[in-house]
């Protein structure tokens, strides 16, 4: 069982430099905790402050180890040539293996701001993923489909193959992940029962497509508490968090978090990718430090 972190990129700070500093400090804390992977997300034209994935990932990699790292790209919102160039550069900065997390994206406003529509996102996703992979293999690529360009190439390519984890939750999308991805990333809002069902479906569809996944990863929003009282305080403060079913959250002492993570491992998860339910920097850093003991118990 591997434990990674997907650091939250949305911030509510008066000085934008403070939010960036928080993310950098958390990357360093995740390294000290011996966590297994580091990621950030991807959103565009957001109403609140959001640190964009490529530059913030590059800065956080300076605090990271030689363990895997990567970031999410909502493929339909990106020119695939630009995306492949960004991945090639980030993979060159990273000391270890680079993982591309790929998602469809949602929110019509986000798509409109980026010059596309939700309607075409499944076909744009598949076309983009194929183009990015071909460019990273060193091919010269032209396209007249959802994306229009000719004679594109990427010279700065990763030293080792980039893994692709496809993030999704709908059955048809899970089948797409099994067909096209190297691994799969479950959404953070899935309850344990939903996660079990989705993991089972993903493994069945991998078998149907004759593929062996490199990772079955489950996102969890968490807090590793100092005590039962500390955990109860955070549960009370995060009531209604993101509209999630409370059963999808993992808030508890180290022993309670270990038990919840072991349950996910028993379902077939190989990786748990965490994000914190709170934003106070001292508490997040303390929770990350306690995750070191959680990881040791699960190793």
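The values are calculated or read from the model by the stated rules, or taken from the named source; none is laboratory data. Because the structure is a prediction, the values reported are computed rather than measured. Every residue, glycine as well, gets a Cβ built from its backbone with ideal geometry; the counts of neighbours run over all protein chains shown.
Suppose we filter region 250-279 for residues that are farther than 13 Å from residue 231 by Cα, modelled with pLDDT of 95 or more and assigned to a loop (DSSP other than H, G, I, E, B); how many remain?
3
So residue 107 fits all but one of (1) surrounded by fewer than 16 Cβ atoms within 10 Å (Cβ to Cβ); (2) under 18 Å from residue 180 (Cα atoms); what number is the exception?
Residue 107 satisfies all of (1) surrounded by fewer than 16 Cβ atoms within 10 Å (Cβ to Cβ); (2) under 18 Å from residue 180 (Cα atoms) except (2).
In region 222-229, is there at least one residue being touching a strand residue (DSSP E or B) at 6+ places or on another chain (Cβ under 8 Å), part of a helix (DSSP H, G or I) and either buried (at least 23 other Cβ atoms within 10 Å of the Cβ) or without any contact (Cβ under 8 Å) to a residue 60 or more places away in the chain (or both)?
Among the residues of region 222-229, at least one is touching a strand residue (DSSP E or B) at 6+ places or on another chain (Cβ under 8 Å), part of a helix (DSSP H, G or I) and either buried (at least 23 other Cβ atoms within 10 Å of the Cβ) or without any contact (Cβ under 8 Å) to a residue 60 or more places away in the chain (or both), which makes the answer yes.
Collect the residues in region 26-38 that are in contact with a helix residue (DSSP H, G or I) (Cβ under 9 Å, 6 or more places away or on another chain) and farther than 11 Å from residue 7 by Cα, keeping them in residue-number order.
Selection gives 28, 29, 32, 33, 34, 35, 36.
Name the helices (runs of 4 or more DSSP H) wholly within region 1-93 that hold at least 3 residues that are touching a residue at least 24 places away in the same chain (Cβ under 8 Å) and over 20 Å from residue 286 (Cα atoms)?
The qualifying helices (runs of 4 or more DSSP H) are 53-61, 80-93.
Do you know which residues across region 110-119 are surrounded by 14 or more Cβ atoms within 10 Å (Cβ to Cβ) and in a helix (DSSP H, G or I)?
Across region 110-119, the qualifying residues are 110, 111, 118.
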